[in-house]
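The values are calculated or read from the model by the stated rules, or taken from the named source; none is laboratory data. Quantities reported herein were computed from a predicted structural model and do not represent experimental measurements. Cβ placement follows ideal geometry from the backbone for every residue including glycine, while neighbour counts extend to all protein chains displayed.
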Amino acid sequence: MTIHLSIILWLPAVAGLLALLLPSRFARWISLIGTLLVLAYTITLLADYDRALGGLQYVTDELWISSIGVHYALGVSGLNLVLLATTAVIFTASALWTLVDEPDHGKPGIYALLMGLAQTAVLGAFLAQDRALFVIFFDLMLVPFYFLIVIWGGPDRTSAVLKLFLYTLVGSLLMLVGAITTGVMAADGGQPSFLLAELAKTPLGSTAQGWIFLAFALAFLIKMPSFPFHGWMPDGYSNMPIGVLAVFTAILSKVAAYGFLQVALPLFPEAAVEYQELLMIVAVASILYGSVMAFTVDSARLVLGYSSIAQLGFIVLGIFALDGRGADGALLQATNHAIVAGALIFVVAMLARRTGGSEKLSDMGGIAKGAPAFAAVFLVLSFALLAMPGTANFVGEFMILLGTFTSKMAFAFVAAIGVALAAFYALRLYVSSMHHRVAEKVNSFELTLREGLVIVPLLLVVIALALYPQFALSPAQDATSKALSAAQQVQNSDASNTTQGAAR
């Protein structure tokens, strides 16, 4: 089957442009059709991708800017295959949400265009096989979200978007400088190349690797966000429109996690080993800090924001355990968290519709009394959030902890505390909103048909991954092994030299 990745990449932007140009009453439907077509195309990719062959498939490679050696290079591998499908699912759910609860802006065409550009930028970052192209798409992701927040954000959107922009700009500029430096230094006076496969063949010296790796790591940790680089998160999460927040929470952080495996580890293996424990400390701190904060805040959406910091801490921990099982678990957890967190963001909006618009847990209570089906859906998603045995989240966290235990036992023990803390904040979110006394402003009603169209498909994906997590694991295993191989070789070499030195 002939599959052109450029179609997947640019289809959302084209759909958004059509939504802008055609009468505004069609804008939301055109946006939805665009996301559905991307979803159908990614399902085709899932079915057609040769798992036995593995490696990079459906490659597009054209010289784009010849003077500096930048290629328009796209490809699909086990690292990005399931993440592409996850992106399509979440953007489709967000487009459906605009039909359930249309943003109060009167400019649906502009909203559709910006969301289309956002999806194209995310897909481009996942598909890019040229480092410069990856950086371009990674930075472009911020632009549509900037305008989406400025135009349709909450009352404090100005300060929120300023914090978001300043934080991410610092990381992005450092990453851009690092990318240019890598291409120039790897060329050694010849024609620069930014193709990831070519750069991996000519690793830089340890000193250069060190500071470039830290530049990329900072950009990724800010985008996730991880503690202590999360300063933009509370204001940002509080002021994003729900459909935008669902995409931001579910997908953008996964681009950063993917960047560690696709770019940082293969190109800077010595630096990855050198700073392994530093990144694992950041990961464990994120797990503990995010879990504690999620248990203390009153805002339902901030509970999910801080829980995301904790869950992304697990993902970083799995990657930098430098163990195949940990990295496989990290990719599985990236998919799990995207679907579960995205679904729960919509649940928060549904809760607010039943509490007079409030998202505070203190204004909720007793909602389950008049909405048993809604309560059941919410309960399953809460169990997935706390990684209840029998869910794919449990499998992902178990693999991460297993890989970490093998590599760095102490970090695994500390991170395991976060597993217990997740039960506290997930159950608090559910019980405070759905049970206890019926709060004064609560008007409990059952899940509507429109709400069901958004939340039920996401719930079915959660259940499907719980029943068969191997669907996400099988294409990733060879790819994660390849991504870790250079760093593992450095690690084994260092261990061998240490052993020989001790023997002398």
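Summary table below
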item: Hits in the range 129-159 - residues which are within 16 Å of G183 (Cβ to Cβ) and over 17 Å from the mean Cα position of the chain (by Cα); result: Q129, D130, R131, A132, L133, I136
item: Among residues of the range 383-420, those that are in a helix (DSSP H, G or I) and crowded, with 24+ Cβ neighbours inside 10 Å, counted; result: 13
item: D48 being of a type in the set (D, E), surrounded by fewer than 21 Cβ atoms within 10 Å (Cβ to Cβ) and out of contact with any helix residue (DSSP H, G or I) (no Cβ under 9 Å at 6 or more places or on another chain); result: yes
item: Any hit, the range 73-96, residues being touching an Asp or Glu at 6+ places or on another chain (Cβ under 7 Å), touching a residue at least 24 places away in the same chain (Cβ under 8 Å), surrounded by 23 or more Cβ atoms within 10 Å (Cβ to Cβ) and more than 21 Å from T182 (Cβ to Cβ); result: yes
item: Every pair of residues 6+ apart whose Cβ atoms lie under 7 Å, when the first sits in the range 389-416 and is more than 19 Å from S291 (Cα to Cα) while the second is of a type in the set (S, T, N, Q); result: A392/N336
item: Filter result for Q119 (under 20 Å from T87 (Cβ atoms) and in contact with an Asp or Glu (Cβ under 8 Å, 6 or more places away or on another chain)); result: no
item: Residue in the range 359-377 that is crowded, with 20+ Cβ neighbours inside 10 Å and closer than 30 Å to L322 by Cα present; result: no
item: Total residues in the range 14-29, condition within 25 Å of the chain's Cα centre (by Cα) and surrounded by 19 or more Cβ atoms within 10 Å (Cβ to Cβ); result: 3
item: Residue list for the range 27-80, restricted to those being assigned to a helix (DSSP H, G or I), under 29 Å from L484 (Cα atoms) and hydroxyl-bearing (S, T, Y); result: T42, T44
item: Any hit, the range 453-460, residues being without any contact (Cβ under 8 Å) to a residue 24 or more places away in the chain and farther than 18 Å from T86 by Cβ; result: no
item: Identity of the residue in the range 421-453, closer than 30 Å to D328 by Cβ and over 23 Å from the mean Cα position of the chain (by Cα), that ends up surrounded by the fewest Cβ atoms within 10 Å (Cβ to Cβ); result: F424
item: Some residue of the range 109-132 being of a type outside the set (G, A, S), over 22 Å from L199 (Cβ atoms), at pLDDT below 90 and touching a Ser or Thr at 6+ places or on another chain (Cβ under 6 Å); result: no
item: Hits in the range 30-42 (condition: touching a residue at least 40 places away in the same chain (Cβ under 8 Å) and more than 22 Å from the chain's Cα centre (by Cα)); result: I30
item: Test: residue in the range 204-212 that is part of a loop (DSSP other than H, G, I, E, B) and free of Cβ contacts under 8 Å to residues at least 60 places away in the same chain; result: yes
item: Scan of the range 345-374 for residues that are of a type in the set (V, I, T) and within 29 Å of the chain's Cα centre (by Cα), ordered by number; result: I345, V347, V348
item: Neighbours by Cβ (under 8 Å, 6+ apart or cross-chain): first from the range 330-351, under 14 Å from Q477 (Cα atoms); second modelled with pLDDT under 95 and outside any helix (DSSP H, G or I); result: L331/L79; L332/P469
item: Check on F137, touching a strand residue (DSSP E or B) at 6+ places or on another chain (Cβ under 9 Å), over 14 Å from A15 (Cβ atoms) and surrounded by fewer than 23 Cβ atoms within 10 Å (Cβ to Cβ); result: yes
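Each row is one residue, and each column tells you yes or no for (1) small (G, A, S); (2) in contact with a His (Cβ under 6 Å, 6 or more places away or on another chain); (3) over 24 Å from R301 (Cβ atoms).
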position: L166; (1), (2), (3): no, no, no
position: T182; (1), (2), (3): no, no, yes
position: A215; (1), (2), (3): yes, no, yes
position: L221; (1), (2), (3): no, no, no
position: T249; (1), (2), (3): no, no, no
position: V263; (1), (2), (3): no, no, yes
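This table checks each residue for (1) at pLDDT 90 or above; (2) surrounded by fewer than 24 Cβ atoms within 10 Å (Cβ to Cβ); (3) small (G, A, S).
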position	(1), (2), (3)
E277	yes, yes, no
V282	yes, yes, no
Y289	yes, yes, no
V292	yes, yes, no
I315	yes, no, no
F320	yes, no, no
G324	no, yes, yes
